[in-house]
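Shown next, in structure tokens, is the structure this report addresses.
The values are calculated or read from the model by the stated rules, or taken from the named source; none is laboratory data. Given the structure is predicted, the values throughout are model-derived calculations rather than measurements. Every residue, glycine among them, receives a Cβ derived from its backbone with ideal geometry; neighbour counts consider all protein chains shown. Areas reflect the complete protein model, heavy atoms only, side chains present, ligands, DNA and RNA absent. Shrake-Rupley method; radii C 1.70, N 1.55, O 1.52, S 1.80 Å.
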Amino acid sequence: MKVLGLETSCDETGVAVYDTERGLLADALYSQIDIHAEYGGVVPELASRDHVRKTLPLIDQVLAQSGIDRADIDGVAYTAGPGLVGALMVGATLGRAIAAGLGVPALGVHHMEGHLLAPMLADREGGAVPEYPFVALLVSGGHTQLVRVDGLGAYSLLGESLDDAAGEAFDKTAKMLGLPYPGGPHVAKLAEQGNPSRFEFPRPMVKQGGLDFSFSGLKTHTLTTVRACEAGGALSDQDRADIARAFETAAVDTLVIKCRRALKQEGLTRLVMAGGVSANVRLRAALEVKLSKEGGEVFYPPLKLCTDNGAMIAYAGALRLAAGEADGPDAEVRPRWPMTELAAPKAAA
Ligand code: KG4
Ligand code: ZN
């Protein structure tokens, strides 16, 4: 089954074709980062308009790359939520219209299920693919969640951020340090020059038990430190690097502690990490070192599939479409959509 996948939930237009027999046939991405950069964050209306401009040309591009014809498409998957409502509606409307025109089923996919399953696409690149059950750490610009995964659609929420998402905390820290949006990769790069012993930032919510996160206190601590350094004049390059390093170390430590706690609680050894922040090299390294000592394993998607992309939507959609699931007549986009509402695939009525 060949599935066209469309991702338009935020500021990347992602389009891909996944074939359940041959794997990922083509994957194209257009990032709107330059459009939003001058505003320091995503402007929803600009995002929707740009998805309108980019989605159809990207579809032509992936069809050409994958060497298939429009008539070969057996189903269309699009991101139905969570995300920006206008941006979601562009992908949903196009996806459903294309499916109707071709006479094939359409299916709205949950964006975080896409992220969660992206590590399964690692096998084409020679990477290891996790078996169920596992604990997933979903860390993106909008989510920080620990989820127990027993199979496709069998998700139990173990813990989540009570305030900012980890990616959001990276983005806000970047802003305080005068770095561009999205800040994660810039903070990580600057942190490499930082002195690890100059500042010690708090590890939020690790003392009390439980698997929830909170990143707003860490963000405030970062701001307080920036102000304290500024009291002596403008921030020097070394100040900025040292703050980036202290922030990153505290964020990574917190995530690692909670992941280990979740695995222990669930009696599992496999950890799957997905979402934009899973591209963070220090987080990957810290998890690998800690878990390997405890007989655990960590899996993550190929680097380019950590952040938003069409491949993960084509893949998640293909699994569900192949199982007979399809949009009903009342399908709508869901800007807010708890992942725990998902169930194992059910055939269309
Ligand atoms: O999954 P994603 O592309 O979009 C959402 O669904 O939110 O995640 C984007 C987030 C941004 O907050 C970005 O700063 C963060 O992922 N990010 C990183 C890194 N690369 C992207 N955070 C830390 N380190 C990175 N290397
Ligand atoms: Zn995402």
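Results, tabulated for the structure shown:
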| quantity | calculated |
| --- | --- |
| For the chain, built as a Gaussian network whose Cα springs stay under 10 Å, the top-fluctuating residue of R260, R22, R284 | R22 |
| Mean separation of Cα contacts under 8 Å (6+ apart) over length of the range 199-281, as relative contact order % | 35 |
| For the chain, convex hull of alpha carbons as volume per residue, Å³ | 130 |
| Residues K189 and Q238, FRET efficiency given R0 of 22 Å [Cβ-Cβ distance, rounded to 0.05] | 0.90 |
| Over the range 205-349, equivalent-ellipsoid semi-axes from the Cα gyration tensor in Å | 37, 21, 16 |
| The chain - percent of accessible surface contributed by carbon and sulfur, probe 1.4 Å | 52 |
| 3J(HN,Hα) from dihedral phi, the range 33-45, Karplus parametrisation 6.51/-1.76/1.60, rounded to Hz, x for glycine, proline | 3, 5, 5, 8, 3, 5, 9, x, x, 6, 9, x, 5 |
| Choice from M312, M120, M205 showing the highest fluctuation, given a GNM over the chain with Cα pairs closer than 10 Å | M205 |
| Estimated [θ] at 222 nm from DSSP helical runs (n ≥ 4, -39500 (n - 2.57)) normalised by residues in the chain, nearest 500 | -13500 deg cm²/dmol |
| Under the Karplus curve 6.51 cos²θ - 1.76 cosθ + 1.60, θ = phi - 60°, whole-Hz ³J(HN,Hα) for the range 271-283, x wherever Gly or Pro sits | 10, 10, 10, 8, x, x, 5, 5, 6, 5, 5, 5, 5 |
| Per residue value of the accessible surface for the chain (all protein chains in place, 1.4 Å probe), Å² | 42 |
| Out-of-range pairs (alpha-carbon distance over 22 Å; input K172/K264; K264/K293; K189/K219) | K172/K264 |
| Amide hydrogen neighbours beyond the local backbone of E160, cut-off 5 Å, H modeled | L146, D212, F213 |
| Relative packing of peptides 57-69, 229-241, 245-257 - highest average C-beta neighbours within 10 Å first | 245-257, 57-69, 229-241 |
